[in-house]
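Have a look at the structure below, then the notes.
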Amino acid sequence: MKKSKINKSSAIKFNINDGLSPDCKSKKRMLSEMAGMYLDSEAYSQSLSNKDVLVYEFYDLGKPEEPGELSYGTTIIYPGKIGNEYFMTKGHFHSILDTAEIYYCTNGHGYLLMENPEGAVELQEMTPGVSVYVPRRFAHRSINISNSEPFVMFFAFRADAGHDYKTIETKGFRKLVIEKNGKPEIIDNPKWNSD
Ligand SMILES: [Fe+2]
């Protein structure tokens with residue numbers, strides 16, 4: 001493991017309304033990178049053939065992946081839906097499962113959906129000013145339930161935690177958040193794969 005040589009403070013600006021930083025470049029997740037993540041695959045293909053839109057973006061500041069370091073930044077989920085399922089992040093477990101994370105909402109309206117390998121599910125509603133502690137062992141996904149505003153959150157976690165996207169890509173989350181009669185509703189994921 002590479003040891004970091006520089007031990008200096010740093011200051012980075014993140015806009016609380018749109019979540020964007022003038023100081024660094026975000027990572028972008030386009031709709032075309034979300035294949036298989038939505039329940040309605042027909043609506044997904046149709047939407048994609050119409051236009052490949054930006055679903056979410058986030059910052060990875062490249063902090064050294066070492067114990068004692070922190071990784072942080074903002075994540076911005078744009079408003080939109082595929083079928084009746086809201087725009088969301090892919091979601092992930094941490095590769096070091098026993099690591100927690102903090103989220104703090106600065107704009108918009110959304111949910112943080114969490115589940116652990118044993119099947120416990122947690123859902124927290126987020127509005128500006130709300131912070132949520134994602135416990136160790138819980139996969140987490142951010143869902144924008146507003147149809148007009150970006151859902152913006154600041155996050156921080158142990159920098160060496162790592163990201164396991166693969167488990168969610170193959171199994172999905174046990175629960176989904178969809179819009180029903182104009183309101184968000186949590187449902188069992190009929191495509192959830194327990195193998
Ligand atoms: Fe995380």
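Values in this text are rule-based calculations from the coordinates and carry no lab data. Quick caveat, the model's predicted, so the values are computed rather than measured. Cβ placement follows ideal geometry from the backbone for every residue including glycine, while neighbour counts extend to all protein chains displayed.
Specify the angular offset, from 0 to 90 degrees and rounded to the nearest 10, of the alpha carbon long axis of helix 41-50 from the longest principal axis of the alpha carbons in the chain. Roughly 70 degrees between the two axes.
Distance cut-off 18 Å, Cα to Cα: go down the list 81/175; 8/28; 25/90; 51/81; 13/81; 90/175 and report the pairs above it. Could the numbers behind the result be given before it?
Values: 81/175 16 Å; 8/28 28 Å; 25/90 20 Å; 51/81 13 Å; 13/81 30 Å; 90/175 13 Å.
The pairs that break the limit, which is 18 Å between Cα atoms, are 8/28; 25/90; 13/81.
Loop sites only, by DSSP: take the GluC sites (Glu not before Pro) in the chain that have at most 14 other C-beta atoms within 10 Å and name the longest stretch containing none of them. The segment 119-195 is the longest one with no such site. By the helix-only formula, in which each DSSP H run with n ≥ 4 contributes -39500 (n - 2.57) and the sum is divided by residues, the chain has a 222 nm mean residue ellipticity of -2000 deg cm²/dmol.
Could you please report the charge total around residue 37, scoring K, R as +1 and D, E as -1 over all other residues with beta-carbon less than 12 angstrom from its beta-carbon? It would help to have the intermediate numbers written out before the result.
Details: positive: 29, 90, 141, 171, 191; negative: 33, 40, 85, 169.
Here the charged neighbours net out to +1.
Let me check I've understood the local charge: for residue 152, count other residues with C-beta under 11 angstrom from its C-beta, Lys and Arg +1, Asp and Glu -1. What total comes out? Surrounding charge for residue 152 is -3. Run down the aspartates and glutamates and flag those whose C-alpha is under 16 Å from the C-alpha of residue 63, throwing out any fewer than 8 positions away in its chain. In chain and number order, the partners are 23, 101, 160. The separation of the stretch 131-195 from the stretch 6-74, counted between C-alpha centres, amounts to 14 Å.
Please state, as a whole number in µm²/s, the translational diffusion coefficient that the Stokes-Einstein equation yields for the chain at 20 °C and 1.002 mPa s, with Rh defined as the Kirkwood radius across alpha carbon pairs. Translational D for this selection: 124 µm²/s.
Annotation note: chymotrypsin sites (Phe, Trp or Tyr not before Pro) in the stretch 145-177 located in DSSP loop regions with a Cβ neighbour count of at most 14 within 10 Å are 165. Summarising the amide proton neighbourhood of residue 61: residues at separation of 5 or more, or on other chains, whose placed amide H is nearer than 5 Å comprise 72.
Taking amide H positions as modeled 1.01 Å from N, with prolines and chain starts lacking one, the residues under 5 Å from residue 99 and 5 or more places away or on another chain are 137. Computed over the chain, relative contact order equals 23 percent, with contacts defined as Cα pairs under 8 Å that lie 6+ residues apart.
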